[in-house]
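Novice: This is the structure I have questions about; it appears just below.
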Amino acid sequence: MELKHCNPSSKDVGNNIRKLRILKNYKQPEFASKIEICPEALSKIENGKTDISLSRLCSIANALNIDIKLLFTDPSGLIK
């Protein structure tokens, strides 16, 4: 996957995080705890209401056991 022309918004990334979290069967409070933030902060991330640091994106990708690149692409094709 090539990302050089990739410019996703915070809302796009947040929506991808939500889809991947659901795909991995995590409830929002459980996942927030896993990445050591409060559920309200995770909600803001998933709704695109806050920018996400690179370290937070790494933490999210690690918790989901995925390559960080997946946070920047729509995972709908992975959901059956």
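Novice: Are any residues in region 32-53 closer than 16 Å to ILE68 by Cβ and touching a Lys or Arg at 6+ places or on another chain (Cβ under 8 Å), and if so, which ones?
Specialist: ILE35, ILE45, listed by residue number.
Novice: Still on this structure: Scan region 33-59 and report the pairs whose first residue is among the aliphatic types (A, V, I, L, M) and whose second residue is not in a helix (DSSP H, G or I), with Cβ atoms within less than 7 Å and a gap of 6+ or a chain change.
Specialist: Pairs that qualify, where the first residue is among the aliphatic types (A, V, I, L, M) and the partner is not in a helix (DSSP H, G or I), are ILE45/ILE52.
Novice: Of everything in region 33-48, what is outside any helix (DSSP H, G or I) and among the charged types (D, E, K, R)? Give them in sequence order.
Specialist: The one that is outside any helix (DSSP H, G or I) and among the charged types (D, E, K, R): GLU36.
Novice: Among the residues of region 22-32, count how many are without any contact (Cβ under 8 Å) to a residue 40 or more places away in the chain, in contact with a helix residue (DSSP H, G or I) (Cβ under 8 Å, 6 or more places away or on another chain) and not in a loop (DSSP other than H, G, I, E, B).
Specialist: 4
Throughout, read-outs are computed from the coordinates displayed, never taken from laboratory work. Every value quoted in this text rests on a predicted model; they were computed, and no experiment measured them. Cβ: placed from backbone, ideal geometry, glycine included. Neighbour counts: every protein chain shown.
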